[in-house]
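What follows is a short report on a single structure.
The values are calculated or read from the model by the stated rules, or taken from the named source; none is laboratory data. None of the values given here were measured: they were computed from a predicted structure. Backbone-built Cβ (ideal geometry, glycine too); neighbour counts: all protein chains shown.
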Amino acid sequence: MKFKLLIGLMIAFLTFGNVNADQGDSDISFYTGTFDVIDKEGDDQTTLFGVEHKNPNLFRDTFLGKFKPVTGAFMTGNSSVYLYTGIEGQYGIGPLKILPSFTPGYYEKGDGKDLGSALEFKSEVKIGLDIFENSNLSYSYSHISNNDWGETNPGTDNQHITFSKNF
């Protein structure tokens, strides 16, 4: 069921991207990596696969930098699912991009790690490099926790490689 949900979300993101393809205003990212990188017990570390959507037309230039909304989902090898939406900043030095983000979301543990709450918060730093026209390859490191609002707050650190394409 969760796998079908993730596939459905990916199809929705791709469909949304294709609808706007003529306007050039859809950024779709696919990523894969490791969930719970710093797992001291070694029982919760697994793979993750996700998809993310950003709309470059919603960039806002502020005195703190450029910001845009970001929405996405990932699923782990243990059937955990995280659906999120939030904000991402963008800072660039030539082709190098630094993208910090904050995205609250819904987490369901499946057969994986219990993070203590359905409401979780993901803080992430992504370092990317423009590789082709309208394409980016990046490395991300994120932390997900519930800010001690749940019964427990074990948190998880994740890392992944992302490929982004602006359609």
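Computed values, structure above
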| quantity | calculated |
| --- | --- |
| Total residues in the range 148-167, condition out of contact with any Leu (no Cβ under 9 Å at 6 or more places or on another chain) and not basic (Lys, Arg) | 6 |
| Some residue of the range 96-111 being on the phi < 0 side of the Ramachandran plot, in contact with a Gly (Cβ under 8 Å, 6 or more places away or on another chain) and polar (S, T, N, Q) | yes |
| Yes/no for Leu115 being more than 23 Å from Glu41 (Cβ to Cβ) and either hydroxyl-bearing (Ser, Thr, Tyr) or out of contact with any helix residue (DSSP H, G or I) (no Cβ under 9 Å at 6 or more places or on another chain) (or both) | no |
| Top-ranked residue of the range 69-100 - restricted to ones that are among the polar types (S, T, N, Q) and in contact with a Phe, Trp or Tyr (Cβ under 9 Å, 6 or more places away or on another chain), ranked as nearest to Ile161 (Cα to Cα) | Thr76 |
| Sole exception among (1) farther than 17 Å from Thr162 by Cα; (2) charged (D, E, K, R); (3) crowded, with 16+ Cβ neighbours inside 10 Å for Lys54, by number | (1) |
| Strands (runs of 3 or more DSSP E) (entirely within the range 36-95) containing at least 1 residues that are within 16 Å of the chain's Cα centre (by Cα) and at pLDDT 85 or above | 46-54, 65-76, 81-93 |
| Residue that is surrounded by the fewest Cβ atoms within 10 Å (Cβ to Cβ) [pool: residues in the range 75-100 that are over 18 Å from Thr32 (Cβ atoms) and among the polar types (S, T, N, Q)] | Thr85 |
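Listed here are the residues, each with its yes/no results for (1) within 22 Å of Asp39 (Cα to Cα); (2) of a type in the set (S, T, N, Q); (3) buried (at least 19 other Cβ atoms within 10 Å of the Cβ).
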position: Lys109; (1), (2), (3): yes, no, no
position: Phe132; (1), (2), (3): no, no, no
position: Ser135; (1), (2), (3): no, yes, no
position: Ser140; (1), (2), (3): yes, yes, yes
position: Asn147; (1), (2), (3): yes, yes, no
